[in-house]
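Trainee: Structure incoming, see below.
The values are calculated or read from the model by the stated rules, or taken from the named source; none is laboratory data. Because the structure is predicted, anything quoted here is derived from the model rather than measured. A quick note on method: Cβ atoms are made from the backbone with ideal geometry, for glycine too, and the neighbour counts reach across all protein chains shown. Side chains included, ligands, DNA and RNA excluded: accessible areas come from the protein's heavy atoms. Shrake-Rupley method; radii C 1.70, N 1.55, O 1.52, S 1.80 Å.
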Amino acid sequence: MNHSFIKITAIVSATCWLMLAIHNHLYAQQDLLPVAQQYSKTEYRIRMRDGVHLHTVVFAPRDRSKTYPIILNRTPYSCQPYGLENYPNRIGPEILQSEGYIFVKQDVRGRWMSEGTFDNMRPHVSGTSNIDESSDTYDTIQWLMDNLDNHNGKVGIMGISYPGFYAAAALPEAHPALVASSPQAPIADFYFDDFHHHGAFTLMYWIATATFGYQHNGPTTQAWYRSPQVDTRDAYQFYLDLGPLKNTERYYGKDNFFWQQIVEHPNYDEFWQRRSILPHLKNIGSNVMVVGGWFDAEDLYGPLQIFKTIEENNAGIYNVLVMGPWGHGDWARAGQHTMVGNIVFGERISDWYQREIEAPFFRHFLKEQGELPAWKALVFDTGRNEWKAFDAWPPRQSETTSFYLGAGKKLTMSSPDEAGSYSEFTSDPNSPVPYRQRDQLTIRFTPRPYMTDDQRFASNHPDVLVFESDILSDDITLAGDIHAHLLVSTDQTDADWIVKLIDVYPADTRNHSATPPSVSLAGYQQMVRSEIFRGRFRNSYSAPEPFVPNEVTPVTVPLQDVFHTFKRGHRIMVHVQSSWFPLFDRNPQKYVNNIYKASASDFSKATHRVFHNKDHASRIEVRILPGSQAETK
């Protein structure tokens, strides 16, 4: 087969460069000495229990007058630059680097300079003779304990995104020296993070399948994977012209093992279930701080579910959650304005987090210095732009209530009393709803800014249902998980359901000094939370089933947690639609066993209905903090 490929290197690859920048914390800071002046660098090949050697880099403080704890980072994104004489700009968060730790970086098995075979989200398997990410971490720590001098016997592990998963995967059956773990934006389950959302394929990740889909032939300092050559920047048109997903065989062949796994496992079968770390987060002895961003376009499911699972299964351990006003990994970056997309949330919030939250966590458990706060969850209110601390998450005092979809495009807190009311629209998979304005739909990996996008373009789209509250008479603070309980029907046999929760600003809202000049916040419709759900999985992710045409059917869409105040004078808006392109792949709307193998003839227009009457009341179930319930009648 003649593949249309270009070879890329790790540095020029947009994906790898982005990951390297985040996970190695390569942000500028004028008052830090160069790494080479503070730290010596040594490279090792550490043998795992099955004989595979993992490339490991140790940066040890040159001041040897005292002992230091170890902070480990395991990554699939490379420990570059290689060679004893070559130093990175940064080896850890600036404060930790200045305070003195032994920083250890490791290429995970099957990646870059490490031996072995790579496996995406390698399943955890118990037993001393088996290998998984926990055993590789255990063997690495044991080697460090036995072979490094000048350490104090304590180890921490941290990482962002995929390295965040490795930090979480180290927790089951952990080495006793591992006393502090901080999974940050961790992947928890590849069927709900990153490449899939509730059964729908994240089409904007298709370009990144190359990064994770090819095995290397042995240790290498050069990128061995290949990215598809795309001759246009227009993502909408490119993916529409690509047609059904089976046409991607012209770009990805049998040698891309990850793409083949995605195609052959469209349902949440044993293949994906075994790759979830959540069932294994039991009997944990380490202290844990899970970190995430409320507007993380990649891994929002992971941090929330990992925190909650550890909390449920490990009574009495130190386990805390930090959720801030960030996109993916933004807390590791410096900058005056903390922004996601067009929205400004404050000044130097990431700097404050690194200084007041992250550094004290590792300092306390690795150096036995300083006190820890009493809170269980430190979360940022993205409507009031302020931090709040709670002794549980979701907050114990939050109360469950619902916003009801109603006739006349109304969103209220009163259940409907009319009979037979519904809203309908026609969904055409050959003309899907764009997830951003068309001029912003470029070919890229991880479309981060859309998480706070202005939704006015979508509100005017004919196949988007809009429900809006009256102007709020007081603040309403949502704190916790959200579930959209829809009563729907379709005249076809399959459908996706997308629900968006939106904060509508008053018409007199003024721009922030850092607001992009092309943006007006007057009347801005800021997306606060959103999610897609592939309707065939409404009863089971592992056993899909078609819809019965024109039959009223319940579909529940989990929207993840939120901590956001809809302020007095604002409105609350909800969108319901059935395509979100090319963020996610298109549903043919005619049931087929495997959408990855669907043909163009399977794609059909469909008329969808969302019911909002006394017998079939569609609603958005939320948690509200007491004292913040304004009238939304």
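Trainee: Quick check on my filter: what residues within the stretch 179-209 are aromatic (Phe, Trp, Tyr) and either open to solvent by less than 10 Å² (accessible area, probe 1.4 Å) or in contact with a Ser or Thr (Cβ under 8 Å, 6 or more places away or on another chain) (or both)?
Mentor: Within the stretch 179-209, 190, 191, 195, 201, 205, 206 qualify.
Trainee: Right, something else. Tell me, which residue of the stretch 453-474 that is charged (D, E, K, R) and touching a Phe, Trp or Tyr at 6+ places or on another chain (Cβ under 7 Å) is nearest to residue 304 (Cα to Cα)?
Mentor: Selected residue: 454.
Trainee: Have a look at 539, 550, 613 and point out the one that is of a type outside the set (D, E, K, R) and free of Cβ contacts under 8 Å to residues at least 40 places away in the same chain.
Mentor: Going through 539, 550, 613 in turn, the sole match is 539.
Trainee: Taking residue 482 as meeting all but one of (1) in contact (Cβ under 8 Å) with a residue 12 or more places away in the chain; (2) closer than 22 Å to residue 342 by Cα; (3) outside any loop (DSSP other than H, G, I, E, B), write down the number of the exception.
Mentor: Here residue 482 clears every test but (2).
Trainee: Taking residue 358 and the conditions (1) touching a helix residue (DSSP H, G or I) at 6+ places or on another chain (Cβ under 8 Å); (2) outside any loop (DSSP other than H, G, I, E, B); (3) open to solvent by 10 Å² or more (accessible area, probe 1.4 Å), which numbered condition does it fall short on, given that it satisfies the others?
Mentor: Among (1) touching a helix residue (DSSP H, G or I) at 6+ places or on another chain (Cβ under 8 Å); (2) outside any loop (DSSP other than H, G, I, E, B); (3) open to solvent by 10 Å² or more (accessible area, probe 1.4 Å), residue 358 violates only (3).
Trainee: Being of a type in the set (Gly, Ala, Ser) and either modelled with pLDDT of 95 or more or at positive phi (or both) is the filter here, so list the residues in the stretch 236-259 that pass it.
Mentor: Answer for the stretch 236-259, where residues must be of a type in the set (Gly, Ala, Ser) and either modelled with pLDDT of 95 or more or at positive phi (or both): just 243.
Trainee: Any residue at all in the stretch 500-511 that is more than 22 Å from residue 602 (Cβ to Cβ) and free of Cβ contacts under 8 Å to residues at least 12 places away in the same chain?
Mentor: Scanning the stretch 500-511, I find at least one residue that is more than 22 Å from residue 602 (Cβ to Cβ) and free of Cβ contacts under 8 Å to residues at least 12 places away in the same chain, so the answer is yes.
Trainee: Find the helices (runs of 4 or more DSSP H) located wholly in the stretch 245-336 whose residues include 2 or more that are in contact with a strand residue (DSSP E or B) (Cβ under 6 Å, 6 or more places away or on another chain) and crowded, with 24+ Cβ neighbours inside 10 Å, and list them.
Mentor: 301-313
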